[in-house]
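Accompanying notes for the structure given below.
Since every read-out is calculated from the coordinates, none of them should be taken as a lab result. Since the model is a prediction, treat every value here as computed from it, not as a measurement. Virtual Cβ from ideal backbone geometry, glycine too; neighbours counted across all protein chains shown.
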Amino acid sequence: MQSLVNPGSARVPGRLHWGNAESLTATTALGQNAMIILVLPDLPTEDRLLALARRGDREAIAEIYDRYFEAIYQFIRMRVEDEALAEDLAGEVFLKLIAALRGGNAPWHSLRGWLFRVARNVLYDHYGREKQLTTTALDEWIPAQADSDPEASFAASADSQQVRQALRALPADQQEVLILRFGQMLSLEDTAAVMGRSISAIKSLQFRAASNLRVALTAAGRGD
Amino acid sequence: MIRVNEVDLLNALEDCITRLNAGYTLEECLRRHPQHAAELRPLLASGLLVRRSRASAQETLAARERVRPQIERALRQPDRKRPAWRRYPALAMVASLLLIFGVVLSSRIATLQPRTQETTLTAVPSSTLLPPTATRTPNPIHTPTITPSPTVTASSSPTPSATPTITVTPGPTITARATTTVCAPLPPDGWIGYTIQPGDTLSGLATRSRTTLERLMEVNCLSDARLIISGQTIFLPAQVLTTTTIAPAPTQIGPASQPAGNNAGSGTSSNDNDDDSDNDNDSDNDNVNDNDNEND
């Protein structure tokens, strides 16, 4: 389960949704359709944290770091093979946040979306510098054992490393949409905002991306 | 070109992703879109693999703690880029408003302070000084409304070339709206304007006009006895000027006061008296006539 809260100080069981709006809600799935929405009034909202951070409140900035590092690191790590490099790039995102807070360019709302956008730019900058485009190589990837029914078996057999490599073989925007929609469970609207595209464009993109990923995984599963 | 069923497929995929993110299972979602289930299943399964292959929580936490010192170092660096007013924009706005208000207030107070030295009077006879009140008020808002009703009593001396004694009784009613007192040099009854000659001292003038230095300064709004300039006009008791003849000839009476003087009298006090007596006589005659009529 994806939880954006600091695991060390997990306050609620269940899934946390960090809304753009006022309240932070925790939803706990009971059964299949029943959802209980708990409003947690004692948790400072994202906007209030941002307001404090803009005034230079170090504790607020530290809390933002604790809350969002995981999501940002996951986003970058899915696209970057090197763990140390992923750490550096994730740190760069938060250094940019501090600079933006001090420079008065920090956002007033939707901090998570803003951080994802910065992370995208950091990745683009890095790939621009390194001339290391995303077409790493499906052929370098050691496939799982071929099975008689690759369609059924690839999901069971593919380990995380293999899936990441298949993902990194996709065009950058397709990687992003899969990571944001499936990996970070962003809504369609938030994903469109982060990527700067229309909702219908994201709908098409996620279809193409999922299709391509499936093809890549299947091909790899067959040992092509 | 996107066909209609393609749009439907895209929407079904979107619906399933949203439901998976909300906690539904893959099968529950596919049951809602049976016509696309076969096509959607491998796509959604691939997408779920992305979720499953995220970095472990262990790795993420370790990374967070390794990066943290770098962030804390950046936070410890002084925020030189941004001055305090940018960190507290609301506070800065209030402070600047207060500052502007203070400046305006202090300038307003400064204009209300008695202006003793700066006030220069341009005309010599006091009767001409009174009507143009605007020249003497430093601030138009606090314009004292002066209604002069000068009664000029001029006693013509035997020699026409000699300086006539003009007794001006302005009798002004001053209605000042400002609570702060504005020092405007207004002569008491019997004082007239005098242009300071080279060599004059205020104390000397006081002695010669048989008044005190303090009284002169008070009437003329002077704060420093040494600060008089030749050519400046001050008020002095009038009778002294006639005896010592230090006043220059107040050659002409201001145009505003002339009609007033004509109305009040024909030039001499004796004439005034005559007029009064005439009026008395007239009234007497009237009474007599009335009586006559009654008698008739």
(message) Suppose R0 equals 51 Å. What FRET efficiency, 1/(1 + (r/R0)^6) with r the Cβ-Cβ distance, do A:Y124 and B:A110 give to the nearest 0.05?
(response) 0.25
(message) For a quick check: with amide H placed at 1.01 Å from N, whose amide H comes under 5 Å from B:Q232's, ignoring anything fewer than 5 positions away on the same chain?
(response) B:I196
(request) Taking amide H positions as placed in the peptide plane 1.01 Å from N, state which residues far from B:W191 in sequence (5 or more) or on other chains have amide H under 5 Å from it. (result) B:A238
(request) First select every other residue whose beta carbon is under 10 angstrom from the beta carbon of A:D173; then total the charges, Lys and Arg +1, Asp and Glu -1. (result) +2
(request) Order the peptides A:201-211, B:96-106, A:174-184 from the highest to the lowest mean number of other Cβ atoms within 10 Å of their residues. (result) A:174-184, A:201-211, B:96-106
(message) What does the structure give for B:66-78 when I average, per residue, the other chain Cβ atoms found within 10 Å of the residue Cβ?
(response) 5
(message) For a Förster distance of 35 Å, can you work out the FRET efficiency between the beta-carbons of A:L85 and B:V4, rounded to the nearest 0.05?
(response) 0.20
(message) What does the extension gain come out to for B:N11 and B:C183, with contour length at 0.36 nm per residue minus their alpha carbon separation?
(response) 53.3 nm
(message) Give me the one-decimal nm value for the distance between modelled label points at B:V94 and A:S187, 7 Å along each residue's Cα-to-Cβ direction.
(response) 3.6 nm
(request) Please name which of B:L49, B:P69, B:L20 has its Cα lying farthest along the dipole of the range B:4-73 towards the positive end, using unit charges on Cβ (Lys, Arg +1; Asp, Glu -1) and the Cα centre as origin. (result) B:P69
(message) Strictly greater than 21 Å: what percent of every Cα pair in the range B:4-73 meets that?
(response) 44 percent
(request) Assuming R0 = 56 Å, can you tell me the calculated FRET efficiency for the pair B:Q77 and B:I229, based on Cβ-Cβ distance, to the nearest 0.05? (result) 0.30
(message) So if I average 1/r over every pair of distinct C-alpha atoms in the range A:46-130 and take the inverse, what Kirkwood radius in Å does that give?
(response) 13.0 Å
